[in-house]
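K.L.:
Sharing a structure here in structure tokens format.
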Amino acid sequence: MADDEAKGGAVARAFGLLAYVAAGGATGNLSALARDVGINRITAARLLATLEDEGMLEALPQGGHRIGLRFLGLAADALGQDDLIGHGRRLVALLSRQVCWSGYMVELDGPFAVYLAKEVPQTPLVSNIRPGSRIPAYLIAPGRVLMARRPRELWRGLYEAAQGDPRGARVTFEEAEGMLLEAASRDCCWSLGAFEQGIDACAAPVFDASGMAVAAVSVAGPSDRLRQRPGERDTIEAAVWGTAGRLSGLLGT
């Protein structure tokens, strides 16, 4: 009984902390946080660390936390199927099975591309990308296909904002601008072994009812496949573009 009560208390404290952050509460001052939530400082620190590790909270560069992508994904699942993440996961899963490559859904968060969902075929791709991964947008195909559809006058500011990430300086702004211009001129964007060696990726934008590019769907797989069967590039591109179009349609486009 004591164990059950302890577990229930821990869960209640975690939910209380999540509710506090969701309501706009600050976590930078542990003493103030502990007082507001009704726990001690040690418990507050442990809960923050655990919730951050589990993706339920996300640490902010300037200090403090916000609700994490894993929490948002769970909430979206619970709220039903009429949402970007719910529809996107199902369509990305179908896309992954169709082309036998790993499938992803990505959105922009400032200068970063954030992976919201990942679906893998029977033979998983050896990749460091997973849900929650944040990468300077101009470095990867799904990020470029979204950033390229932002006004061009914003590109330099987004590039500079990504320089706090150690990967941000892999390319100069001029190189990034060239890749973005190419992405803006095409329906789909390809990356051929550029971010992770030996891995190719193809991405297409998803539009909401207003015509804004709100997400991207993409697939990634071993470069050997296209070297051995170059004709499959068109097949993969058509599948990615078609999936992005279906998801756009579900969002009211």
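The values are calculated or read from the model by the stated rules, or taken from the named source; none is laboratory data. The structure presented is a predicted model; accordingly, all values stated were derived computationally and were not measured. All Cβ positions, even for glycine, are placed from backbone atoms using ideal geometry, and neighbour counts span all protein chains on display.
K.L.:
Among the residues of the range 88-117, what is the count of those that are over 20 Å from Ala238 (Cβ atoms) and modelled with pLDDT under 90? Walk me through how you get there before you give the answer.
P.N.:
Of the residues in the range 88-117, the ones over 20 Å from Ala238 (Cβ atoms) are 89, 107-117.
With modelled with pLDDT under 90 added as a condition, the list becomes 89.
The total comes to 1.
K.L.:
Scan the range 56-66 and give yes if some residue there is more than 18 Å from the chain's Cα centre (by Cα), assigned by TED's automatic domain parsing to the domain that holds Val11 and modelled with pLDDT under 85, otherwise no.
P.N.:
Yes, the range 56-66 contains a residue that is more than 18 Å from the chain's Cα centre (by Cα), assigned by TED's automatic domain parsing to the domain that holds Val11 and modelled with pLDDT under 85.
K.L.:
Now for a different question. Would you tally the residues in the range 23-43 being under 17 Å from Phe71 (Cβ atoms) and either surrounded by 13 or more Cβ atoms within 10 Å (Cβ to Cβ) or at pLDDT 90 or above (or both)?
P.N.:
Result for the range 23-43: 3.
K.L.:
So if I check each of Pro230, Pro222, which one is over 15 Å from Cys189 (Cβ atoms) and surrounded by fewer than 16 Cβ atoms within 10 Å (Cβ to Cβ)?
P.N.:
One residue alone meets the criteria, Pro230.
K.L.:
Can you name the residue in the range 184-193 that is touching a Lys or Arg at 6+ places or on another chain (Cβ under 9 Å) and touching a residue at least 40 places away in the same chain (Cβ under 8 Å) and, of all such residues, is nearest to Ile85 (Cα to Cα)?
P.N.:
Cys189
K.L.:
Considering the range 170-214 alone, what residues qualify as being closer than 23 Å to Arg233 by Cα, in contact with a Phe, Trp or Tyr (Cβ under 6 Å, 6 or more places away or on another chain) and surrounded by fewer than 17 Cβ atoms within 10 Å (Cβ to Cβ)?
P.N.:
Within the range 170-214, Asp187 is the sole residue that qualifies.
K.L.:
Right, next: Output the number of the condition that Thr235 fails; it satisfies all remaining conditions of (1) surrounded by 15 or more Cβ atoms within 10 Å (Cβ to Cβ); (2) part of a helix (DSSP H, G or I); (3) touching a residue at least 60 places away in the same chain (Cβ under 8 Å).
P.N.:
(1)
K.L.:
Could you say which residue among Arg90, Arg130 is assigned to a loop (DSSP other than H, G, I, E, B), in the same structural domain as Ala176 (by TED's automatic domain parsing) and of a type in the set (Lys, Arg)?
P.N.:
The conditions single out Arg130.
K.L.:
I'd like the full set of residues that are hydroxyl-bearing (Ser, Thr, Tyr) and either farther than 14 Å from Leu146 by Cβ or assigned to a helix (DSSP H, G or I) (or both), limited to the range 159-198.
P.N.:
Result: Tyr159, Thr172, Ser185.
K.L.:
Still on this structure: Consider Leu116 carefully, then state whether it is part of a helix (DSSP H, G or I), outside the structural domain of Pro61 (by TED's automatic domain parsing), out of contact with any Phe, Trp or Tyr (no Cβ under 6 Å at 6 or more places or on another chain) and of a type outside the set (Gly, Ala, Ser).
P.N.:
no
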